[in-house]
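**Student:** Questions regarding the structure given below will be posed in turn.
A short reminder: the numbers here are calculations on the coordinates, not readings from a lab. Just so it is clear, the model here is predicted, and its values are computed rather than measured. Neighbour counts are summed over all protein chains in view; Cβ atoms, including those assigned to glycine, are modelled from backbone coordinates with ideal geometry.
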Amino acid sequence: MRLGDCHNFHDFRAMAKRRLPGPIFDYIDGAADDEVTHRRNSESFERCDLVPNVLRGVGQVDMSVTVMGQKLAMPVYCSPTALQRLFHHEGERAVAAAAAKYGTMFGVSSLGTTSLEELRKRHDTPQVYQFYFHRDRGLNRAMMQRARDAGVEVMMLTVDSITGGNRERDLRTGFSIPFKLTLAGMLQFALKPSWALNYLTHERFRLPQLDAHVDMGGGAMSISRYFTEMLDPTMSWDDVAEMVKLWSGQFCLKGVMSVADARRAVDIGCTGIVLSNHGGRQLDGSRAAFDQLAEIVDAVGDRIDVIMDGGVQRGTHVLKALSLGAKAVGLGRYYLYPLAAAGQPGVERALGAMRTEIERGMKLMGCSSIDQLSRENLRFR
Ligand SMILES: Cc1cc2nc3c(=O)[nH]c(=O)nc-3n(C[C@H](O)[C@H](O)[C@H](O)COP(=O)(O)O)c2cc1C
């Protein structure tokens with residue numbers, strides 16, 4: 001299977017599955033408990049029909065949006081995800097370069113494998129820094145200062161990971177950082193020697209955002225201990241309000257789902273919220289962001305930028321979310337499988353396909369700009 005054979009999400013997923021050792025593929029592909037929420041995320045778009053208008057003069061289509069003060073050439077961005085250099089040695093560099101090529105925003109995870117400073121220097125498209133709230137308040141302040149010094153445009157605090165989700169595929173394979181593979185997991189790595197060769201012949205794997213706190217070499221701390229020991233499960237709205245004030249710029253909460261929380265995010269001065277269930281990787285049974293979107297937009301959409309992610313595989317999914325009132329849509333696995341399959345050319349091909357699908361979908365809907373999309377053109381089954 002070659003990159004040229006990949007025309008959609010499912011093709012990229014199949015190619016990634018062939019390239020990656022099983023435990024790594026399962027880390028990306030898997031979700032929490034019975035993976036119900038993960039499945040629902042994509043299914044939720046299928047319960048919504050598009051009702052197109054015709055004869056509207058759609059020679060030129062403008063799909064740009066402005067979200068949290070950032071102008072994006074297309075209404076999707078690459079949501080922050082962990083450990084990208086494990087999926088392909090180019091990792092975040094490939095994703096950031098592809099996002100820059102398509103004029104869109106790129107999120108760097110706290111658990112990213114390339115430094116936010118390096119990525120900020122390489123590209124001038126907007127950058128999000130995704131971070132977690134630590135028990136050590138000094139560390140939280142230091143991380144924000146680091147992001148400010150680097151020139152990060154948007155701070156994104158993930159609030160749905162107060163404890164780790166139950167990812168049973170990882171338990172079976174022993175996937176963790178540092179690796180603690182089961183025998184079955186080790187055998188799966190042995191089946192993909194080209195991945196191992198690639199991994200071993202490139203720069204050492206690191207977590208530059210957390211270097212000082214997590215030891216990847218198997219010494220001081222694993223990622224799961226980072227979550228249980230360093231993050232603060234008592235984090236409250238007052239704590240976050242302080243951070244928002246300190247940052248005094250674009251600040252959004254990732255993982256808000258209820259109307260009450262959306263209202264509080266407005267009250268403490270956030271400029272954005274991302275409706276998200278973390279790709280189904282945290283609370284299984286949690287509602288799909290798309291299903292929850294209208295309720296949130298109706299409550300706070302005039303006061304804060306509402307964004308959503310989860311299960312997005314098609315341009316028409318994006319059009320449905322924008323029609324309901326989302327300002328932009330985050331992509332996760334949609335770009336991770338292409339990254340794993342083929343590095344930067346893979347991510348570029350996937351983002352290119354997404355742009356083509358959005359453009360085609362807008363033309364077929366009779367819309368030449370995003371503000372022409374509305375609920376009038378949606379029906380729910
Ligand atoms: C492999 C993987 C790693 C992720 N790492 C992070 C992370 O470090 N921080 C975070 O806030 N979200 C993380 N996410 C969640 C994504 O940012 C996003 O919310 C989710 O993937 C959207 O769902 P989708 O994959 O169905 O598009 C991760 C998701 C995946 C699949």
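**Student:** Could you list which residues have their amide H under 5 Å from that of residue 47, counting only those 5 or more apart in sequence or on another chain, with H placed in the peptide plane?
**Tutor:** Placed amide hydrogens put nothing under 5 Å from residue 47.
**Student:** Another question about this same structure. Can you list residues from other chains, or at least 5 along the same chain, whose modelled amide H is less than 5 Å from the amide H of residue 256?
**Tutor:** Here 274, 276 satisfy the definition.
**Student:** Using θ = phi - 60° and the Karplus curve 6.51 cos²θ - 1.76 cosθ + 1.60, what whole-Hz ³J(HN,Hα) does each residue of segment 171-182 get, with Gly and Pro shown as x?
**Tutor:** Result, ordered by residue: 5, 5, 8, x, 5, 7, 10, x, 4, 9, 5, 6 Hz.
**Student:** When the chain is treated as a GNM, springs tying every alpha-carbon pair under 10 Å, which of 341, 82, 326 comes out with the largest mean-square fluctuation?
**Tutor:** Among 341, 82, 326, the largest GNM mean-square fluctuation belongs to 82.
**Student:** At a threshold of 8 angstrom on Cα-Cα distance, excluding pairs fewer than six apart, so keeping six or more, what relative contact order does the chain reach in percent?
**Tutor:** 30
**Student:** Ok, one more. When DSSP beta bridges are limited to those with both residues in the chain, what percentage is antiparallel, rounded to the nearest 5?
**Tutor:** Counting DSSP beta bridges with both partners in the chain, the antiparallel share is about 20 percent.
**Student:** Taking residue 121 as the anchor, which lysines have their alpha carbon closer than 28 Å to its alpha carbon, excluding any fewer than eight residues away along the same chain?
**Tutor:** 71, 101, 245, 254, 327
**Student:** If amide hydrogens are placed 1.01 Å from N in the peptide plane, which non-local residues have theirs closer than 5 Å to the one on residue 81?
**Tutor:** Answer set, sorted by chain and number: 109.
**Student:** Between beta-carbons, use under 11 Å as the cut-off and find the net charge around residue 167, counting Lys and Arg +1, Asp and Glu -1.
**Tutor:** -4
**Student:** Ordered by residue, what ³J(HN,Hα) values in Hz, to whole numbers, does segment 40-46 give under the Karplus form 6.51 cos²θ - 1.76 cosθ + 1.60, where θ = phi - 60° and Gly and Pro are x?
**Tutor:** 5, 3, 7, 4, 4, 5, 6
**Student:** Hey, what do the phi angles of segment 116-121 turn into as Karplus ³J(HN,Hα) couplings, whole Hz, using 6.51/-1.76/1.60 and θ = phi - 60°, x for Gly and Pro?
**Tutor:** So the Karplus estimates, Gly and Pro as x, are 4, 5, 4, 5, 5, 6 Hz.
**Student:** If you don't mind, another one. Using alpha-carbon pairs under 8 Å, 6+ residues apart, how would you state the relative contact order of segment 297-381 in percent?
**Tutor:** Relative contact order here is 32 percent.
**Student:** Ranked from highest to lowest mean number of other Cβ atoms within 10 Å per residue, what is the order of the peptides 278-288, 349-359, 4-14?
**Tutor:** Answer by packing, highest mean first, reads 278-288, 349-359, 4-14.
**Student:** Quick one: net charge around residue 49, please, counting Lys, Arg +1 and Asp, Glu -1 for every other residue with C-beta under 11 Å from its C-beta.
**Tutor:** Overall, the nearby charge balance is +3.
**Student:** Sticking with this structure for a sec: If I take every Cα pair under 8 Å that is 6 or more residues apart in segment 256-339, average their sequence separation and divide by the length, what percent do I get for the relative contact order?
**Tutor:** Reported relative contact order: 29 percent.
**Student:** Another one. Could you work out the per residue convex hull volume over the alpha carbons of segment 252-381, in cubic angstrom?
**Tutor:** Hull volume normalised by residue count: 123 Å³.
**Student:** Just to be sure I understand: with springs between alpha-carbon atoms less than 10 Å apart, which residue in 34, 261, 238 has the highest mean-square fluctuation in the Gaussian network model of the chain?
**Tutor:** 238
**Student:** What is the packing order of peptides 139-151, 113-125, taking the mean over residues of other C-beta atoms within 10 Å and listing the highest first?
**Tutor:** 113-125, 139-151
**Student:** Let me ask another. Between segment 262-304 and segment 124-182, how many Å separate their Cα centres?
**Tutor:** Taking the Cα centre of segment 124-182 as reference, the centre of segment 262-304 is 19 Å away.
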